[in-house]
Amino acid sequence: MKAVLQRVTSASVEVEGKSVGQIQSGLLVLLGVAKGDSESDGRYLVEKIRTLRVFSDEQGKMNRSLVEVGGSVLLVSQFTLLGRTSNGRRPSFDEAAPPNEAKRLYEQVAMDLRAQGTIVETGVFAAHMRVALLNDGPVTFVVNSREDRS
């Protein structure tokens with residue numbers, strides 16, 4: 001799984017002109033599920049999302065986690081994170097998991113975050129979404145469950 005974590009002061013997602021999710025302070029997480037990903041990849045990302053120290057302490061240092069600041073997560077599926085652009089001009093999405101498997105693992109990540117006490121809002125899987133955010137910093141990280149653990 002590949003995720004882009006953006007520290008935000010607010011973020012929202014809408015589908016067909018209607019708001020389907022919004023948060024205040026926390027993380028906007030764009031999540032791509034790759035072929036071969038499993039529940040263990042999801043658990044790894046959930047732990048990273050909750051505990052990565054990307055929020056500022058009193059001295060302005062990134063020393064606090066999402067849990068420590070009581071932040072929320074806006075989780076948005078984004079298969080294009082798995083796009084390969086090395087050949088030609090059209091991205092290849094061969095590395096992306098099939099939709100049914102990707103949806104199952106995406107929903108598992110949301111459920112696991114909630115089970116651990118994190119407030120989670122989501123987009124709509126496979127829908128055309130409009131995502132708005134006010135990036136705080138800007139602070140943005142890419143987390144890859146396979147590369148990070150190897």
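The values are calculated or read from the model by the stated rules, or taken from the named source; none is laboratory data. What you see is a predicted model, and the numbers here were worked out from it, not measured in a lab. Neighbour counts run over all protein chains shown; Cβ positions are idealised from the backbone, glycine included. Side chains included, ligands, DNA and RNA excluded: accessible areas come from the protein's heavy atoms. Shrake-Rupley method; radii C 1.70, N 1.55, O 1.52, S 1.80 Å.
Under 5 Å between amide hydrogens, which residues at least 5 positions from residue 96 or on another chain qualify, with H placed 1.01 Å from N in the peptide plane?
Here the answer is 35, since their amide H atoms fall under 5 Å of that of residue 96.
Given H placed 1.01 Å from N in the peptide plane, which residues other than close sequence neighbours of residue 77 have an amide H under 5 Å from its amide H?
Close amide H contacts, sequence-distant or interchain: 31, 123.
Efficiency by 1/(1 + (r/R0)^6): what FRET value for residue 39 and residue 126, r their Cβ-Cβ distance, R0 = 30 Å, to the nearest 0.05?
So the FRET efficiency works out to roughly 0.90.
Which of the listed residues, 100, 66, 79, is farthest toward the dipole's positive end in region 33-122, when Lys, Arg count +1 and Asp, Glu count -1 at the beta-carbon?
Farthest towards the positive end: 79.
Going by amide H atoms built from the backbone, whose H comes under 5 Å of the H on residue 116, apart from near neighbours?
Amide H neighbours of residue 116, under 5 Å, 5+ apart: none.
Treating cross-link reach as a plain straight distance, find the lysines whose alpha-carbon is under 21 Å from the alpha-carbon of residue 48, omitting any fewer than eight places away in the same chain.
The reachable lysines, counting only those whose Cα sits under 21 Å from residue 48, are 2, 35, 61, 103.
Within the accessible area of region 14-92, what % is carbon and sulfur when the probe is 1.4 Å and the other protein chains stay in place?
Roughly 44 percent of what the probe reaches on region 14-92 is carbon or sulfur.
Mind putting a number on the dipole of the chain about its Cα centre? Charges go on the C-beta only, +1 for Lys and Arg and -1 for Asp and Glu, and I need it in Debye to the nearest 20.
With Lys and Arg at +1 and Asp and Glu at -1, about 280 debye.
Note down the nm distance, to one decimal, between modelled labels 7 Å out along Cα→Cβ at residue 115 and at residue 100.
2.3
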